[in-house]
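The values are calculated or read from the model by the stated rules, or taken from the named source; none is laboratory data. In this text, all values refer to a predicted model and were calculated from it rather than measured experimentally. Neighbour counts are summed over all protein chains in view; Cβ atoms, including those assigned to glycine, are modelled from backbone coordinates with ideal geometry.
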Amino acid sequence: MPRLNLIVCALTGVCGAVLNILGSLCAKYFELPLFLDTYGTIAATLYGGFAAGCVAAALTNSAIVFIIANGETVYILYMLCNILTAYITEWFCRKILYRPVHERAVFPVNKQASTVRRFHAAIEVCIVLFLLSFALVIAMSVLGGLIAFFIDLFFKDNQYHNGNWKNIPGGWVLYGLVLSFSRHGAGSLATQILARLPINIPDRLISVFSAYLIFRLIPDNRRKT
């Protein structure tokens, strides 16, 4: 990768991390039932590829540990969710959004296209964004649940799992859902996965569509594959 591209990649990742941190701070401050910690990663990946998404992921979770989670270093494990978000987003880009026009079913709207074609292209993009959101909902719920299950097994004395859920965005809702599923007989792993689904559904939809909007607002210097 040329030196200039490395700089652009790093800066894109930094901007993505800033967006993630701002989203997390808003979710925590306003006590929203959302995480809002990956839309910057998605936007960075759309613009700069997987490497930029990984930079955003690493910076995001490293910063959240100290800025939001009050030094709870165990939160760094959720960096894996952010990295997986970048990977899945990159896969959708490589397989659909960035394929040659004559091969792909979905592509950004062309200003010279007819009104009907532009409408069809917009619908196609929305369908792919919904599919991306659905894939992220499943992946983040499963991986996030596995990480939480791992924490339960090996970090039981950690402040994160001693009732201080306010340290994480959406924590109060997640805690309530975990208790609810536990009372209905769900196992520990199933509880952690199922409890994340109601939060991840709106969170990933908001994250994916807002990230794509940010991507579309950036000057058309996007990478080509």
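Annotation note: of Phe92, Phe119, Phe66, the sole residue that is at pLDDT 75 or above and surrounded by 14 or more Cβ atoms within 10 Å (Cβ to Cβ) is Phe92.
Of Glu124, Glu103, all but one fail to be modelled with pLDDT under 90 and within 22 Å of the chain's Cα centre (by Cα); the exception is Glu124. When restricted to residues that are modelled with pLDDT of 70 or more and not in a loop (DSSP other than H, G, I, E, B), the stretch 150-204 contains 35. Of the residues Val55, Val74, Val65, the single one that is β-branched (Val, Ile, Thr) and closer than 11 Å to Cys15 by Cα is Val55. If the condition is being outside any helix (DSSP H, G or I) and either among the hydroxyl-bearing types (Ser, Thr, Tyr) or in contact with a His (Cβ under 9 Å, 6 or more places away or on another chain) (or both), then the stretch 4-57 contributes only Thr38. Of all residues in the stretch 58-87, those that are acidic (Asp, Glu) and part of a helix (DSSP H, G or I) total 0.
Considering only residues in the stretch 16-46 that are among the aromatic types (Phe, Trp, Tyr) and in contact with a Ser or Thr (Cβ under 9 Å, 6 or more places away or on another chain), the one that is surrounded by the fewest Cβ atoms within 10 Å (Cβ to Cβ) turns out to be Tyr39.
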